[in-house]
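What follows is a short report on a single structure.
The values are calculated or read from the model by the stated rules, or taken from the named source; none is laboratory data. A quick note: this is a predicted structure, and the numbers were derived from the prediction, not measured. Methodologically, a virtual Cβ is constructed for each residue, glycine included, from the backbone with ideal geometry; neighbour enumeration extends over all protein chains shown.
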Ligand code: BV8
Ligand code: ZN
């Protein structure tokens, strides 16, 4: 069982308002490939080729095939002990906000409640023109990409590079980060903005910042505690120290 600093356990126990930011790393142990790892989703493609409006307008079929490939993966995976540890943590604290960059819906499936999905949800779709939302799965392997009755192209309902995040969700996340006395950054390379600014906002407001990540990131040097390793192994130990 890995050693967690006593001081960190005390900070976990003292906290009242907790905010957590997660990225693709927390879903890696469920079998969802990360973006920038060696087996990363983007190792086969470059982000600007796919997760942008231009890419979709240029080559909607390629973008849809990439999302369909990812949807098929998400359909087969389950939450892992990292997701479930955050469900336990949410029950413990008076105020708890789970802010995720992930679009795989695994936090909700694990049972987390107060979730801010900054970048949308890969299982949802919307019309590019009129914004009508669809939760149907589309089989894009055959024929053309799906179209709305208004004639617009239907797209995955996720936030692409260069697109604004949903304002209400982003404001909620900023408020949670500002109010937090404890902020956990888990499984994210801390490169994508504005999500990556959240731990720094928390820090500016005197929160204790804890990073749990396999590799060093731009946040590592700034964090009060940086725990290198797998979220699925470390988070259950943190929860045990908290509730034990
Ligand atoms: C916007 C949804 C503004 C789609 C995604 C220069 C500086 C600052 C910002 C910018 C800049 N140039 C451009 C920008 C803006 C840009 C941005 O931040 N670019 C970055 C790359 C520099 N941001 C945007 O465009 C955002 N919008 O800014 O709008 C605006 C202003 C005016 C008018 C219009 C617009 C929109 C960003 C959202 C993009 N959409 N996803 C989809 O999923 O297909 S981002 C995508 O990356 C995912 O959401 C993903 O979650 C996110 C971040 O990646 P991570 O989650 O961190 O995953 P990654 O693989 O990188 O890292 C995983 C980590 O886990 C690794 O560190 C690894 O070590 C670790 N790990 C692995 N296994 C484990 C583990 N850790 C623990 N346990 C394990 N087992
Ligand atoms: Zn439409």
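Considering region 132-146, the residues that are assigned to a loop (DSSP other than H, G, I, E, B) and within 16 Å of ligand 2 (Cβ to nearest atom) include one that is surrounded by the most Cβ atoms within 10 Å (Cβ to Cβ), namely 146.
Here the condition is being within 16 Å of ligand 1 (Cβ to nearest atom) and within 25 Å of residue 85 (Cβ to Cβ); of 223, 176, 167, it holds for 223 alone. Selection of region 106-120 for residues being out of contact with any helix residue (DSSP H, G or I) (no Cβ under 7 Å at 6 or more places or on another chain) and either at pLDDT below 95 or closer than 13 Å to residue 77 by Cβ (or both) yields only 109. Suppose the filter is within 27 Å of residue 31 (Cα to Cα), within 15 Å of ligand 2 (Cβ to nearest atom) and at pLDDT 95 or above; does residue 129 pass it? It is false that residue 129 is within 27 Å of residue 31 (Cα to Cα), within 15 Å of ligand 2 (Cβ to nearest atom) and at pLDDT 95 or above.
Once region 216-236 is narrowed to residues that are part of a loop (DSSP other than H, G, I, E, B) and free of Cβ contacts under 8 Å to residues at least 60 places away in the same chain, the residue that is farthest from residue 197 (Cα to Cα) is 216. Residues of region 147-181 that are surrounded by 13 or more Cβ atoms within 10 Å (Cβ to Cβ) and free of Cβ contacts under 8 Å to residues at least 24 places away in the same chain: 147, 148, 175. Of all residues in region 185-215, those satisfying the criterion of being more than 8 Å from ligand 1 (Cβ to nearest atom), in a loop (DSSP other than H, G, I, E, B) and surrounded by fewer than 19 Cβ atoms within 10 Å (Cβ to Cβ) are 205, 206.
When you scan region 73-93, how many residues do you find that are more than 14 Å from ligand 1 (Cβ to nearest atom) and modelled with pLDDT under 95? The total comes to 1.
Taken over region 49-81, the residue count meeting the criterion of being out of contact with any strand residue (DSSP E or B) (no Cβ under 7 Å at 6 or more places or on another chain) and part of a helix (DSSP H, G or I) is 20.
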